[in-house]
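The structure under discussion appears below in the form of structure tokens.
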Amino acid sequence: MTRLGIYVQVPFCQTKCTYCNFHTGVVATSRFAPYAEAVCREIREHKERYAEKGVLLPEGLLDAEVDTVYMGGGTPSLLDSSHLREILGAIRESFAAEFTEVTLEADPETVESEKAAAWVRAGINRVSFGLQSFVDKELIAAGRMHRRADIYRAVPILRAAGIRIISFDLIAGLPYQTKESWRQSLEELAALEPEHVSIYLLEIDEGSRLGKELLWGGGRYSAGAVPNEDEMAEFYETAQEFLRGAGYHHYEISNWAKPGFESKHNLKYWRRAPYLGFGAGAHSFSGTERWANAHDAAGYVSAIQSGRLPVEQQEKLTAESALEEELFLGLRQLDGIDLSQIEREYGVALAGRFDPLASAGLVEREGSLVRLAPGRLSISNEVFVELMR
Ligand code: SF4
């Protein structure tokens, strides 16, 4: 039986972090309930709405079993736990469901004992924490709501409530970060023994306030205190070495796990397995087609209330774009890709495309297996650009 992942997008936050380039907003809490209701309705009515929009679910997906759910955002932990329970209930009613991993993204300051206990009762067994740093000066500069003390308050609450898997996110490249403060964040993180760790490099693009300042040479949002690219690459490499020493398995460019705790849901994205997304801006992939809902939360709610499917982009993948995804997403995983298998599947010869990358030491080859060279992961984007030329 095909296994299906479900992603639920909750696009609300308490403030806007300076580096954030997501489509999220700070709204009155009175908008949470209608939003959660709209998500439940979209889940229950998805087949009819897809049919209207001409989205065709392949045979195998019609009776697929949902084994992973990921509630991301935004800050889904802001929603009342009854809303999260209702959303999970709508999934159980509308699909064959045998959940093995149900993740909630949470910010430390939103965690309370009663809420955490209600999350566990609703079926949530994994919490992904946006910590970003253990250093208050960096958290303040980034516009985060939580402080280091909130992390130490929240983690025992989650453990006591029975959350089995905790994942921590850190960002390399926040304003004021130094070699020493980065090391401090890594050491404090490891001492709390999360099962999973994600490390992202600060993204500099026009989608965030800080990114704009950096691109235009401005100084607001502590832009002058942002580490340079070489420093960020060094932070990433320090993390690679540190986490290996702390017993974490590096399985995807940005992700590490204690053995057996790799994210089952996120692996679906990198392995091009099917998933359906619900909520404003949520993306879906059927195996042959990708589509995404409109980002605007208010527009999303009114579309659902008036019986429309809020799909904004829809793309049937050509063999060429499917192949590009196969290479790009496959190489993000440290196990790499099996070139012969992909060549057979797509009827193309690819070995020649990798020769210059192998000669430059950017990828490693072992028989028909190709993977990014572990020492060059911090420049993986450059490798992908070369490969897609
Ligand atoms: S909490 Fe996350 S989604 Fe919300 S503003 Fe900050 S970075 Fe963006």
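Since every read-out is calculated from the coordinates, none of them should be taken as a lab result. None of the values given here were measured: they were computed from a predicted structure. Note that each Cβ is placed from the backbone with ideal geometry, even for glycine, and that neighbours are counted across all protein chains shown.
Considering the options L267, G279, Y300, tell which one lies farthest towards the positive end of the dipole of region 240-316, charges being +1 on Lys and Arg and -1 on Asp and Glu at the Cβ, about the Cα centre.
Comparing the listed Cα positions along the dipole, L267 ranks first.
I'd like the distance between the alpha-carbon centres of region 262-317 and region 119-167, rounded to an integer number of Å.
That distance is 27 Å.
Seen from all sides and averaged, what is the projected area of the convex hull of the Cα atoms in region 70-218, in nm²?
Here the figure is 9.7 nm², rounded to one decimal.
Might you list the cysteines of the chain that have no disulfide-compatible partner by the rule of another cysteine's Cβ under 4.7 Å?
Among the cysteines of the chain, those whose Cβ sits 4.7 Å or more from every other are C13, C40.
Report the charge-dipole magnitude of region 1-137 in Debye, nearest 20, computed about the Cα centre from +1 at each Lys and Arg Cβ and -1 at each Asp and Glu Cβ.
280
Of all the C-alpha pairs in region 1-152, what % are more than 28 Å from each other?
Roughly 26 percent, once rounded to a whole number.
Evaluate the Kirkwood expression for the hydrodynamic radius of region 3-270, namely the inverse of the mean inverse distance over all pairs of different C-alpha atoms, and round to one decimal in Å.
So the Kirkwood estimate lands at 19.6 Å.
Can you find, among P58, Y35, C20, the residue farthest towards the positive end of the dipole of region 1-132? Put +1 on the C-beta of Lys and Arg, -1 on that of Asp and Glu.
Of the candidates, C20 comes out farthest on the positive side.
Could you list F12, F129 so that the one with the fewest beta carbons within 10 Å of its beta carbon is first and the one with the most is last?
F12, F129
Once the Cβ-Cβ distance between F384 and Q184 is put in as r, and R0 is 41 Å, what FRET efficiency do you end up with, to the nearest 0.05?
0.85
Please get the size of the charge dipole for region 264-389, origin at its Cα centre, with Cβ charges of +1 on Lys and Arg and -1 on Asp and Glu, quoted in debye to the nearest 20.
I would put it at about 320 debye.
Please report, in debye to the nearest 20, how large the charge dipole of region 207-272 is about its Cα centre when each Lys and Arg carries +1 at its beta carbon and each Asp and Glu carries -1 there.
Dipole size: approximately 580 debye.
Test of understanding: what is the full-extension gain from E231 to D205, defined as 0.36 nm times their sequence separation minus their Cα-Cα distance?
Net length gain for the segment: 7.6 nm.
Would you mind checking which residues have amide H under 5 Å from L131's amide H? H placed 1.01 Å from N; only 5 or more apart, or other chain.
Residues meeting the amide H criterion: D169.
Straight-line reach from K316: which lysines fall under 30 Å, measuring Cα to Cα and dropping same-chain residues less than 8 apart?
Within reach: K47, K53, K264, K268.
Quick check on packing: order 323-330, 169-176, 269-276 by the mean number of other C-beta atoms within 10 Å, highest mean leading.
169-176, 269-276, 323-330
If Rh is defined by the Kirkwood formula over all Cα pairs and Rg also comes from Cα, what ratio Rg/Rh do you get for region 273-389?
1.12
Only helical DSSP H runs with n ≥ 4 go in: add -39500 (n - 2.57) per run for the chain, normalise by residue count and round the 222 nm mean residue ellipticity to 500 deg cm²/dmol.
-12500 deg cm²/dmol
Hey, if you drop one equal point scatterer on each alpha-carbon of region 1-85 and run the Debye formula without solvent, what base-10 log of I(q)/I(0) do you get at q = 0.21, 0.22, 0.26 Å⁻¹?
Debye output, listed in q order: -1.06, -1.11, -1.28.
Contact order normalised by length for the chain, with contacts defined as Cα pairs under 8 Å and 6 or more residues apart; what percent is it?
16
What value does region 319-388 have for Rg/Rh, both radii from Cα atoms and Rh as Kirkwood defines it?
Result: Rg/Rh = 0.92.
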